[in-house]
Amino acid sequence: MAAEPVLAVDDLRVTIATRRGPARVVNGVSWAVAPGETLAVVGESGSGKSVSVLSLLGLVPRPPATVTGRATFQGQDLVALPEEALRKVRGPGIAMVFQDPMTSLNPVLTVGRQLTEGMEVHLGLDRRAATERAAELLDLVGIPSPRERLASYPHHLSGGMRQRVMIAVALSCEPAVLIADEATTALDVTIQAQIVELIAELQRELGMAVVWITHDLGVVAGIADRVAVMYAGRIVEEGAVDDLYADPRHPYTRGLLASLPVLGDRARGGEGRHPADLAVIPGLPPDPVHLPPGCPFHPRCPVRADERCATEEPPLRPVPGARGPAPHRVATFYDLPPEDRR
Amino acid sequence: MTRYLLRRVGQSVVVLFGVSVAVFSIIHLVPGDPVRLALGTRFDQRTYDALVARAGLDDPVLVQYVNWLGNALTGDLGVSFRSGRPVTELILERLPATLSLAFGAIVVALLIAVPLGLVSALRPRSAVDYVATFVSQAGISIPDFWLAIVAILVFSLTLGWLPSSGYVGLTEDPVEWARHLVLPAVVVGTVSGAVLTRFVRSSALEALGEDYTRTARAKGLPRRVVIGRHVLRNALVPVVTVTGIQLAYLLSGVVIVEVVFAWQGLGQLALQAVETRDYPLLQGAVLLFAVFFLVVNLVVDLLYAVVDPRISR
């Protein structure tokens with residue numbers, strides 16, 4: 001990445017006190033994103049990807065959570081920032097779109113009110129000016145007859161429309177960074193593609209940085225510049241999207257890619273993958289209260305090519321031949337041979 | 001919204017009709033001869049027959065019911081056996097006292113429940129929460145007549161701040177009306193408030209955990225806006241229902257507290273009617289209580305549609 005990062009996360013750790021003991025949910029995550037760039041953070045449920053971004057904005061209650069590390073945004077360390085200063089970052093600095101548009105909008109307030117309130121607080125607009133801009137925003141996110149929609153309640157809208165409203169809310173204060181936390185997971189597949197395309201388009205127009213949090217490598221393949229794969233609160237592999245998809249180096253990343261259905265007809269020589277051929281990674285992610293020693297993936301790992309896998313935590317290191325300031329990196333002790341993908 | 005309103009009013013009319021049948025039947029099934037009781041020791045057969053005929057008690061039950069219903073619809077609930085005065089008049093006389101106490105108590109209850117429930121929801125398992133839980137548990141457990149007696153003992157007999165009993169009409173003397181209202185309203189309101197606190201706490205706790213609250217915080221809204229506009233508004237939706245039920249209950253008279261404070265309300269009136277087998281009065285009072293419940297429920301449902309836009313369709 002050439003440009004100076006707008007948000008740089010360094011060795012972020014989140015531990016949540018539970019009745020069973022401390023749950024180490026995020027264990028030393030570092031990434032950075034530059035203006036106009038799209039970073040995808042990919043992982044299964046429970047890999048700590050959501051918690052890591054929520055904790056940046058102070059949206060994970062402390063206590064029971066404790067957050068350490070640094071997150072540099074516009075010269076401020078978000079982790080150390082007091083709540084009142086952090087509140088002013090939320091919205092105009094870093095905005096979020098959440099997973100479930102059915103529950104993320106307030107059912108008893110109109111769409112217009114939910115759009116204007118942030119602008120009144122952060123941009124100092126009066127109600128009339130904010131309403132004017134709210135209509136423009138609804139138009140921007142592709143909602144038909146935006147002016148009438150301002151008086152609608154969320155239950156009047158479909159799921160896809162609600163997610164567009166959520167995006168309009170997130171964009172209302174012109175954030176420098178937009179975080180989309182599983183923003184398409186709850187939507188129909190056709191709507192998913194529309195939302196992904198909409199955010200990509202708005203990003204080109206507004207030049208913001210976008211962080212996509214998703215469990216679905218397929219969703220981000222077309223739009224991400226860089227991908228970081230998370231497992232058990234760690235990044236196990238990261239790199240430019242093309243490098244990572246063309247040459248995945250971590251057994252976990254390979255498992256994730258193998259579990260994706262691919263469109264096409266193999267019988268006619270296409271590159272499709274039959275549903276029956278979809279691979280499954282056996283086992284479950286580890287319990288964050290009882291993380292295994294060594295590489296957190298080793299109990300499920302089909303490779304385990306090094307005896308240290310079960311005892312030492314493999315550091316994230318550049319893959320052989322990787323170059324540049326942000327090279328393709330992987331957290332393994334060994335180098336897997338190039339994958340035989342038919 | 002208009003269709004919703006019409007449908008709800010229509011439903012209420014049907015229910016009211018059913019209630020009138022039930023009220024009429026139950027009272028006629030209760031053993032005891034009201035005329036005999038009214039005459040007491042001065043019983044003689046001719047007076048008895050005359051009274052029975054005048055009250056229409058010798059008509060077939062169905063005829064009695066139709067007559068009573070027809071009169072009731074025109075506001076005539078009959079004449080009290082006991083006092084010989086129209087039932088409607090007796091009830092209207094007591095109505096202001098009951099309305100004052102019921103609404104006064106509900107205001108007190110909400111003033112206690114909303115802040116207390118909200119504060120304990122905001123800091124669950126904190127000292128404040130435990131104190132609030134204890135207070136509301138105590139409020140539910142302590143009998144209201146005991147609370148009433150203690151309140152009289154402390155605030156009127158010992159401190160002499162407030163009158164111990166009686167009701168003064170609002171139009172007669174607003175200041176005295178308020179002074180007389182404070183103690184009974186606080187006593188009754190404390191009990192209702194204790195119940196309501198629980199509801200406010202649990203529904204606020206639920207709203208705090210909802211995704212839209214996280215969205216509100218993610219927008220960078222100040223905490224008071226997040227709590228006031230997003231959490232509280234949603235939390236109050238179920239509270240409206242419970243408040244309505246409490247209010248309807250209070251409108252049908254809190255007999256014991258009325259007796260302790262010599263509060264001339266509908267509860268005492270209904271109690272006297274039962275004691276003296278004053279059929280017309282009792283029928284009128286019970287019918288009125290049913291109307292209270294229906295009206296309050298109707299208002300609650302309409303209010304519901306206002307606070308929760310998903311309802312009105």
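Using packing as a proxy for protection, rank A:189-197, A:101-109 so that the peptide with the highest average count of other Cβ atoms within 10 Å comes first. Can you show the working numbers first?
On the way: A:189-197: 15.4, A:101-109: 21.6.
So the order, starting with the most tightly packed, is A:101-109, A:189-197.
Can you give the relative contact order of segment B:93-265 as a percent, counting alpha carbon pairs under 8 Å and 6+ residues apart?
Details: 222 pairs, mean separation 65.1, N = 173.
Relative contact order here is 38 percent.
Averaged over A:54-63, how many beta carbons belonging to a partner chain fall within 10 Å of each residue's beta carbon?
Numbers: counts 2, 0, 0, 4, 2, 4, 0, 0, 0, 0.
Going residue by residue through A:54-63 and averaging, the value is 1.
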Considering only A:Glu205, A:Glu313, A:Glu44, give the residue with the highest GNM mean-square fluctuation for chain A, with springs between Cα atoms whenever their separation is below 10 Å.
-> A:Glu205
Cβ-based charge dipole, segment B:93-265, positive-most Cα from B:Val114, B:Leu159, B:Leu205 | B:Leu205
Compactness of segment B:93-265 - radius of gyration and Dmax, Cα, Å | 18.2, 56
At a 1.4 Å probe, which residues in segment A:91-125 are at least 50 Å² less accessible with all protein chains present than in their chain isolated?
-> A:Phe98, A:Thr103, A:Asn106, A:Pro107, A:Val108, A:Glu117
Relative to chain B, whose Cα atoms define the longest principal axis, helix B:2-29 and its Cα axis are tilted in degrees, nearest 10, by 40
With all protein chains present and a 1.4 Å probe, the order of B:Tyr167, B:Tyr279 from largest accessible area down is B:Tyr167, B:Tyr279
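Using a 1.4 Å probe on the protein heavy atoms, what percent of the accessible area of segment B:93-265 belongs to carbon and sulfur? Present the calculation step by step, with values, prior to reporting the outcome.
Details: 5450 of 7800 Å².
Solvent-exposed carbon and sulfur of segment B:93-265 make up 70 percent of the total.
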Using only alpha carbons, build the gyration tensor for chain A and give me the equivalent ellipsoid semi-axes, biggest first, whole Å.
-> 35, 24, 18
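A:Leu206 to B:Arg223: FRET efficiency via 1/(1 + (r/R0)^6), r the Cβ-Cβ distance, R0 35 Å, to the nearest 0.05?
Details: r = 29 Å, r/R0 = 0.82.
FRET efficiency, A:Leu206 to B:Arg223: 0.75.
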In debye, nearest 20: dipole of chain A around its Cα centre with unit charges on the Cβ of K, R (+) and D, E (-)?
-> 640
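I need the calculated FRET efficiency for the pair A:Glu4 and A:Phe333, taking r as the beta carbon distance and R₀ as 30 Å, to the nearest 0.05. Show your work: numbers first, answer last.
Values: r = 33 Å, r/R0 = 1.11.
Computed FRET efficiency for A:Glu4 and A:Phe333: 0.35.
Report relative contact order for chain A in percent, whole number only (criteria: Cα-Cα under 8 Å, sequence separation at least 6).
Values: 648 pairs, mean separation 66.3, N = 342.
Relative contact order here is 19 percent.
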Here the net charge surrounding A:Gln203, from other residues whose Cβ is less than 11 Å away from its Cβ (Lys, Arg +1; Asp, Glu -1), is -4
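Rg to Rh for chain B: what is it, with Cα atoms only and Rh by Kirkwood? Numbers along the way, then the final one.
Details: Rg = 23.6 Å, Rh = 22.3 Å.
Rg/Rh for chain B comes to 1.06.
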Contact surface A-B: accessible area buried, both sides summed, square angstrom, 1.4 angstrom probe | 2200
Rounded to the nearest whole Å², what accessible area per residue is found for segment B:93-265 with the 1.4 Å probe?
-> 45
Hey, what D do you get for the protein assembly as shown in µm²/s if you plug the Kirkwood alpha-carbon radius into Stokes-Einstein at 25 °C and 0.890 mPa s?
-> 81
With the solvent-accessible surface defined on protein heavy atoms using a 1.4 Å probe, which residues belonging to segment B:284-313 display a reduction of at least 30 Å² in accessible area in the multichain context relative to the isolated chain?
-> B:Pro309, B:Arg310
Per-residue mean of C-beta atoms belonging to partner chains within 10 Å, peptide B:226-232 = 2
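Tell me the relative contact order for chain B as a rounded percent, counting alpha carbon contacts under 8 Å between residues six or more apart.
Numbers: 369 pairs, mean separation 82.6, N = 313.
The value is 26 percent.
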Fluctuation leader among B:Ile245, B:Ile227, B:Ile26 - chain B, Gaussian network, Cα springs under 10 angstrom = B:Ile26
What is the packing order of peptides A:224-231, B:213-220, taking the mean over residues of other C-beta atoms within 10 Å and listing the highest first?
-> A:224-231, B:213-220
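The values are calculated or read from the model by the stated rules, or taken from the named source; none is laboratory data. Predicted model, so just to flag it, every value in this text is computed and none were measured. So basically every Cβ, Gly included, is an ideal-geometry build from the backbone, and we count neighbours across all protein chains shown. In case anyone asks, the SASA skips ligands and DNA or RNA and just uses the protein heavy atoms, side chains included. Shrake-Rupley method; radii C 1.70, N 1.55, O 1.52, S 1.80 Å.
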